[in-house]
Every structure is written in structure tokens, then in C-alpha cells.
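A short worksheet on the structure shown next.
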Amino acid sequence: MSMHTRADASLIQMGWCKAFLGFSPSGQIIANVWSSSNITISALGPQIQTTPFWTHIVQTWSSTNGLRLYINNYLYTSVSNATTYLGSGSQNYATLGTVLNGTSCSAGQIQSTSQYFGDIDDFRIFSRELTSTDICELANL
């Protein structure tokens, strides 16, 4: 998943583009945030098989708890020193599966030039950090 400041794919290279959730070349799930000094901070998860299994993946961030990555209701890893965040400062657009223009965004360790081949059953963005109770409830819907 990447976030962009431009809705027009032809203008994406002039805007802000960051990959927040994706896969490494070996299939590991990776969650990213960008610190206030524009440094990529990553939480590395396990290798995820995209088919035929369903996997519940949740990425959270807060200035109190930092970056957290949950896999199937369990906190897999956290980066507690990731307590500052650099945003675009303008309206953002979420892109699932690939970046809008087919080239790469700032992605850290995420392999951002390839498309995601698999199914996404449910995708949500919240304006607050989810609690572990929230995450369990979502996984059991």
C-alpha cells in the first residue's frame, strides 16, 4: 500500500509518495513509517504466503507506541523508537497493489516496482491507533 499526494498518475512524480506496507523480494511483509527527519523506519514481519491462505495484517503507529505490526491478531514486532512521523502536509490518496505510475515510491526495504498478485478482502484506514482488542474484533468479523 502506498500513499500519494496526487490523484493523477501522470503527476505522481511531482508529489509525495511513500510505501507504507508491502513485501520484500523474499516475501517478508514490511511496514514502514517516515520519521520527522525523513528516515525510513521499518518493522519486518514473516514471509507471507498470499494464496491459498488468508492472513490478517494490521499496521499501527502512534507517538506513544511507535510502529507496530500485527499478524493474525498477534503483535509480531514493534519499533518503539519510531515516535515521530513525517506526513505530506496535504490530502493523500491510498493505492493498493501497485503505485499509480508503475515506478517506485520511497519504499525503504519494500520491493515497490512490482505489483501485488493476490486477493485483498478488506482494507481500512483509521484516524487513530487501534488497540489489541480492536484488532482481535476486526479479525473475527
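The values are calculated or read from the model by the stated rules, or taken from the named source; none is laboratory data. This structure is a prediction, so every number in the text was calculated from the model and none was measured. Positions of Cβ are backbone-derived with ideal geometry, glycine not excepted, and every protein chain shown enters the neighbour counts.
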Exercise for the section: Among the numbered conditions (1) among the small types (G, A, S); (2) modelled with pLDDT under 75; (3) more than 13 Å from the chain's Cα centre (by Cα), tell me where S2 comes up short. Expected result: (3)
Problem - Selection status of N101, in contact with a helix residue (DSSP H, G or I) (Cβ under 6 Å, 6 or more places away or on another chain), at pLDDT 85 or above and not small (G, A, S) - result: no
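Would it be correct to say that I48 is more than 25 Å from T133 (Cβ to Cβ), surrounded by fewer than 20 Cβ atoms within 10 Å (Cβ to Cβ), without any contact (Cβ under 8 Å) to a residue 40 or more places away in the chain and hydrophobic (A, V, I, L, M, F, W, C)? Steps first, answer last, please.
Working: more than 25 Å from T133 (Cβ to Cβ): no; surrounded by fewer than 20 Cβ atoms within 10 Å (Cβ to Cβ): yes; without any contact (Cβ under 8 Å) to a residue 40 or more places away in the chain: yes; hydrophobic (A, V, I, L, M, F, W, C): yes.
It is false that I48 is more than 25 Å from T133 (Cβ to Cβ), surrounded by fewer than 20 Cβ atoms within 10 Å (Cβ to Cβ), without any contact (Cβ under 8 Å) to a residue 40 or more places away in the chain and hydrophobic (A, V, I, L, M, F, W, C).
Tell me, which residue of the stretch 24-77 that is hydrophobic (A, V, I, L, M, F, W, C) and not in a strand (DSSP E or B) is modelled with the lowest pLDDT? Even if it seems obvious, please write down each step before you answer.
We begin by selecting, within the stretch 24-77, every residue hydrophobic (A, V, I, L, M, F, W, C); these are 29-31, 33-34, 39, 41, 43-44, 48, 53-54, 57-58, 61, 67, 69, 71, 75.
Subsequent filtering for residues that are not in a strand (DSSP E or B) retains 39, 48, 53-54.
Working: I39: 80, I48: 81, F53: 76, W54: 83.
Of everything passing the filter in the stretch 24-77, F53 is modelled with the lowest pLDDT.
Which of the residues that make up the stretch 78-96 are among the hydroxyl-bearing types (S, T, Y) and part of a loop (DSSP other than H, G, I, E, B)? It would help to see each step written out before you state the result.
If we filter the stretch 78-96 for residues that are among the hydroxyl-bearing types (S, T, Y), which is where we start, we get 78, 80, 83-85, 88, 90, 93, 95.
If the condition is that a residue be among the hydroxyl-bearing types (S, T, Y) and part of a loop (DSSP other than H, G, I, E, B), then S80, T83, T84, Y85, S88, S90 are the ones that fit.
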